[in-house]
Each structure stands twice: as structure tokens, then as C-alpha cells.
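These notes are about the structure you will find just below.
The values are calculated or read from the model by the stated rules, or taken from the named source; none is laboratory data. Note that the structure is predicted; figures quoted are calculated from it, not measured. A quick note on method: Cβ atoms are made from the backbone with ideal geometry, for glycine too, and the neighbour counts reach across all protein chains shown.
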Amino acid sequence: MASHPETKIDCSKVYVKQSSFSNEKTGMFDGAFALVDIKEGELVEKGVMRRLPDGFDGNTCPYIFTWSNERPNKTWGMGSGCSPFYNTCKEGTANTHMKRFFDEDRFEIYATRDIKAGEELLHTYISLKWRTCFQDLNEIVHADDSEHKSDD
Ligand SMILES: C[S@@+](CC[C@H](N)C(=O)[O-])C[C@H]1O[C@@H](n2cnc3c(N)ncnc32)[C@H](O)[C@@H]1O
């Protein structure tokens, strides 16, 4: 699909619909999906980040991004395009990775393996383990790990 060479936002390979993780038990929610086959290492989506006002507490909002390496994090951002709709999974299992350019307030999302058209796109949230609003989600994502641990 054609895009302007100077565009800062390109999510033309991605679409958003009801997530494959969504069901009556979890409640209905959306996710980002590959529109076309995407090769390992290929750019999936790129976009810009808009910083939220000082004092905004991102611990309470799951739709915005951790936008610094400082911990505890105080800088949060609103991502363009389909970026807010990517759901998450545990480390090492995601099919995409978000590269964050904090100095330029922009991001690029790359495929970590070949992705088929129609597959849900996932990346491991860097704040999954510590963000208050992800506490339940972190337990869901790592549920298998705790089952294995209790078996030990
Ligand atoms: C950044 S949003 C992702 C888009 C969101 N699903 C939506 O419909 O707007 C993060 C939220 O998506 C849901 N989510 C993300 N990954 C999930 C998963 N693996 N299983 C269940 N829910 C998930 C959680 O509600 C989480 O707080």
C-alpha cells in the first residue's frame, strides 16, 4: 500500500478488531492484527508518541505507554495509529517488539518472527510486571508459570 515518503505514521499493515483473547469470561476487547504476511525483522508499524502532562499517573491507565527508562517511571505517552491496541504476552513469546526513540518521541514496531496475515500482533509491555493497572493481567499472562512453580 502506498504511503508518503515523509510520513511519520504508518500503520497500513495493521488493522484492529476484537481480540482473540477476548471472550465472555474476560470481557470483550480489541486487538491489533496483521493485514498482510510480515517477515521476521520487517517494520510492522511506525508512529509518534505524544507526552502526557506532568503529574499524569499512567499506573491507572492501560492504554498509554511508559515513555522513559526512569524507574519509577514518571513520563507517559499516547501512541499513534494502532499502537494502543496491541495486546500482550510473556517475554520471549511476542511476535513484535516496540523500539522506543525517547529523544525523538517516536517508535517503530518490528516483527520478531514471520507473521501470517490475520495473526494477532502482541508485544510484551515493558511495564507489565510493575504497573498497577496491569496487576491482574500480569497474573493472567504468567498463569502457566505459577502452575509449574506450584508443581515443583
Ligand atoms: C494497551 S491495551 C490493549 C488494547 C485493548 N485490548 C483494547 O481493547 O483497547 C491493554 C489492555 O488490553 C488487555 N489485554 C492485553 N493483553 C491481554 C491478554 N494477553 N489477555 C487479556 N487481556 C489483555 C488488558 O485489559 C489490558 O489492560
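Can you tell me which residues in region 69-104 are without any contact (Cβ under 8 Å) to a residue 60 or more places away in the chain, surrounded by 15 or more Cβ atoms within 10 Å (Cβ to Cβ) and on the phi > 0 side of the Ramachandran plot?
Listed by number, the list is empty, since nothing qualifies.
I need the full set of residues from region 23-46 which are within 14 Å of the ligand (Cβ to nearest atom), small (Gly, Ala, Ser) and either at pLDDT 95 or above or touching a Ser or Thr at 6+ places or on another chain (Cβ under 9 Å) (or both), in order please.
Hits for region 23-46 are Gly31, Ala32.
Just to verify a result, which residue in region 84-99, among those that are of a type outside the set (Ser, Thr, Tyr) and touching a Gly at 6+ places or on another chain (Cβ under 9 Å), is farthest from the ligand (Cβ to nearest atom)?
Filtering first and then ranking leaves Met98.
For the subset of region 100-140 comprising residues that are near the ligand (Cβ under 10 Å from one of its atoms) and assigned to a strand (DSSP E or B), which member is nearest to Lys8 (Cα to Cα)?
Taking the candidates together, the pick is Leu122.
Taking Leu128 as meeting all but one of (1) aliphatic (A, V, I, L, M); (2) in contact with a strand residue (DSSP E or B) (Cβ under 9 Å, 6 or more places away or on another chain); (3) in contact (Cβ under 8 Å) with a residue 24 or more places away in the chain, write down the number of the exception.
(2)
Yes/no matrix, rows are residues, columns are (1) aliphatic (A, V, I, L, M); (2) within 26 Å of Ile140 (Cα to Cα); (3) under 11 Å from the mean Cα position of the chain (by Cα):
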position: Lys17; (1), (2), (3): no, yes, no
position: Gly31; (1), (2), (3): no, yes, yes
position: Gly47; (1), (2), (3): no, no, no
position: Asp57; (1), (2), (3): no, yes, no
position: Asn69; (1), (2), (3): no, yes, no
position: Gly81; (1), (2), (3): no, no, no
position: Thr93; (1), (2), (3): no, yes, no
position: Ile109; (1), (2), (3): yes, yes, yes
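Which condition breaks for Lys13 when tested against (1) within 10 Å of the ligand (Cβ to nearest atom); (2) among the basic types (Lys, Arg); (3) over 25 Å from Gln135 (Cα atoms)?
With (1) within 10 Å of the ligand (Cβ to nearest atom); (2) among the basic types (Lys, Arg); (3) over 25 Å from Gln135 (Cα atoms) applied to Lys13, the lone miss is (1).
Scan region 56-83 for residues that are small (Gly, Ala, Ser) and more than 15 Å from the ligand (Cβ to nearest atom) and jot them down.
Ser68
Only one of (1) more than 10 Å from the ligand (Cβ to nearest atom); (2) touching a residue at least 24 places away in the same chain (Cβ under 8 Å) fails for Pro53. Which number is that?
Condition not satisfied by Pro53: (2).
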